[in-house]
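J.: Quick one: the structure is below, questions incoming.
The values are calculated or read from the model by the stated rules, or taken from the named source; none is laboratory data. Values in this document were obtained by computation on a predicted structure and should not be read as measured data. So basically every Cβ, Gly included, is an ideal-geometry build from the backbone, and we count neighbours across all protein chains shown.
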Amino acid sequence: MNDKAHISYHTARRFLIDLIKNNDFSGDDEIIKLLHSILQGKSCLNYFTDGVVSRVHIDKETRIFLLDYSDQEVKMPCLPKTVFLLFLIHPEGVNFKGMRAYLQELYNIYQIVMKKNIEADKIKQILGNLVDPMSNSIYEACSIIRNRLLKVAGPSRMKFYDITGKRGGCHHIKLDRELVTVEHEKLRKMMNR
């Protein structure tokens, strides 16, 4: 899907209409299935990528992309993005109740993700709430992550990108880390430890 044609919507629309009008596709099962799924209101993207596990790309600005599904950024606020990146860094998983052990790492990731300067005490307060076992902050962050990923990955593929685990046990992201590329230098060093 990296070889996308770069033509305007109107040109593509006109080309598609001409193609459909002037060709008999009755013998092409793939096109018939695709047109049928469109008429039933299903996404064309799902037709082409169903069952495909997308690569995750994190660029120099720490923007997250699921390259094989869309060129749309998976936008997240700083705290959920920090949590998502922490779990990508730790394929072995992290126990929510033991997150205090990752406080310094969370702080470092948050500083990378944050685009503007913020007082260190404010960051420590935000992250302190996140790692507090009595707080719901980690569950709220995971809910936001799930919601944002769902928009790009779709429900059938969420199992690869979602932070999952049993209550009281380790939570992790199932995605094969071979599918993750990181352009941001500091973040890449953290991933490769």
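J.: Answer yes or no: is there a residue in region 168-176 that is assigned to a helix (DSSP H, G or I) and either of a type outside the set (Ser, Thr, Tyr) or under 23 Å from residue 70 (Cβ atoms) (or both).
T.: Going residue by residue through region 168-176, those that are assigned to a helix (DSSP H, G or I) are none.
Checked against the condition, which is being assigned to a helix (DSSP H, G or I) and either of a type outside the set (Ser, Thr, Tyr) or under 23 Å from residue 70 (Cβ atoms) (or both), region 168-176 yields no hits at all.
J.: Okay, next question. Need pairs with beta-carbon distance below 9 Å; first residue in contact (Cβ under 8 Å) with a residue 60 or more places away in the chain and within region 138-149, second assigned to a helix (DSSP H, G or I) and surrounded by fewer than 17 Cβ atoms within 10 Å (Cβ to Cβ); sequence gap 6+ or separate chains.
T.: 149/158
J.: Looking at (1) assigned to a helix (DSSP H, G or I); (2) in contact (Cβ under 8 Å) with a residue 12 or more places away in the chain; (3) surrounded by fewer than 20 Cβ atoms within 10 Å (Cβ to Cβ), which is the only condition residue 91 fails?
T.: Only one criterion is unmet by residue 91, namely (1).
J.: For region 98-135, which positions are touching a residue at least 60 places away in the same chain (Cβ under 8 Å) and either more than 19 Å from residue 171 (Cβ to Cβ) or in a loop (DSSP other than H, G, I, E, B) (or both)? Can you show your working first?
T.: Step one: list which residues in region 98-135 are touching a residue at least 60 places away in the same chain (Cβ under 8 Å), which gives 105, 108-109, 112.
Matches in region 98-135: 108, 112.
J.: Among the residues of region 157-173, is there at least one that is over 20 Å from residue 52 (Cβ atoms) and touching a Leu at 6+ places or on another chain (Cβ under 9 Å)?
T.: No, region 157-173 has no match at all.
J.: On the basis of being surrounded by fewer than 17 Cβ atoms within 10 Å (Cβ to Cβ), at pLDDT 95 or above and of a type in the set (Ser, Thr, Tyr), does residue 135 make the cut?
T.: Values: surrounded by fewer than 17 Cβ atoms within 10 Å (Cβ to Cβ): yes; at pLDDT 95 or above: no; of a type in the set (Ser, Thr, Tyr): yes.
Against the criterion (surrounded by fewer than 17 Cβ atoms within 10 Å (Cβ to Cβ), at pLDDT 95 or above and of a type in the set (Ser, Thr, Tyr)), residue 135 does not qualify.
J.: Residues of region 159-174 being farther than 16 Å from residue 73 by Cβ and touching a Ser or Thr at 6+ places or on another chain (Cβ under 9 Å), which ones? Explain how you work it out, then say what you get.
T.: Within region 159-174, the subset farther than 16 Å from residue 73 by Cβ is 159-160, 162-174.
Residues satisfying the conditions are 160, 171, 172, 173, 174.
J.: Any idea which residue in region 41-77 is farthest from the chain's Cα centre (by Cα), counting only those that are outside any loop (DSSP other than H, G, I, E, B), buried (at least 20 other Cβ atoms within 10 Å of the Cβ) and at pLDDT 95 or above? Even if it seems obvious, please write down each step before you answer.
T.: Step one: of region 41-77, the residues outside any loop (DSSP other than H, G, I, E, B) are 44-49, 56-58, 64-66, 73.
Add one more test, that the residue is buried (at least 20 other Cβ atoms within 10 Å of the Cβ), and what stays is 49, 56, 58, 64, 66.
Now narrow it down to the ones that are at pLDDT 95 or above: 56, 58, 64.
Numbers: 56: 7, 58: 9, 64: 6 Å.
Here the residue is 58.
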